[in-house]
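The values are calculated or read from the model by the stated rules, or taken from the named source; none is laboratory data. Since we're looking at a predicted model, the values are computed, not measured. Backbone-built Cβ (ideal geometry, glycine too); neighbour counts: all protein chains shown.
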Amino acid sequence: MTLLFNRASKIIEIPIADNEVYIQTLVNEIRDYEDELSVIDLKQMLNAYGKQPLGGGVTVGITAELLDGWKIKFADRPGPDYIQCSVSGGNLIAYDENGYQQFPIAPSNYVFASITASSSATISNINTIETQVNNINSKITTVDDNISQMDSKIDIVDSNVTEIKKCITTQLFQKVSKISSAVKLAVLK
């Protein structure tokens, strides 16, 4: 994405091809623009805060402050249908030349613009979260395998118990039959 900077109107325009811009992209592009020799005399355009690690792949969200009257603007659309455009990935605020807070998005033709903001913004590192989920899934698979092995062993024990019952029943029947026969013989004598 290449943002267009209009120094006279203090507008940072997001190209018509883009319906969403991330705060990190704004920060990167504005910092690159501020580094150009042709705008060395320009007042600071941006303060940015955040990304301190909170652990577990989660960091504090980014807050970007547009300074000195700068605003962003999504490129005008031809219409007649309106297009939803958004700023996401952190918080965006703006201040005018006198330091008073102002809405950071300039109006555009046929654009509904929104900012996703949070008072407790965090960023989750998707790779860290995916690794943690994969580790949990691996442990679940291991537990499932252990349960299957235990079920198999329980089935073997159940089968052995059934065989033992059959043997005991058979041996008991044979002994009872012998005793019964011996009793009959003793009674007949």
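If only residues of the stretch 7-55 that are assigned to a loop (DSSP other than H, G, I, E, B), under 23 Å from the mean Cα position of the chain (by Cα) and on the phi > 0 side of the Ramachandran plot are counted, the one that is surrounded by the fewest Cβ atoms within 10 Å (Cβ to Cβ) is 51. Being at pLDDT below 85 and part of a helix (DSSP H, G or I): is that true of residue 177 here? Here the answer is yes, as residue 177 does meet what is asked.
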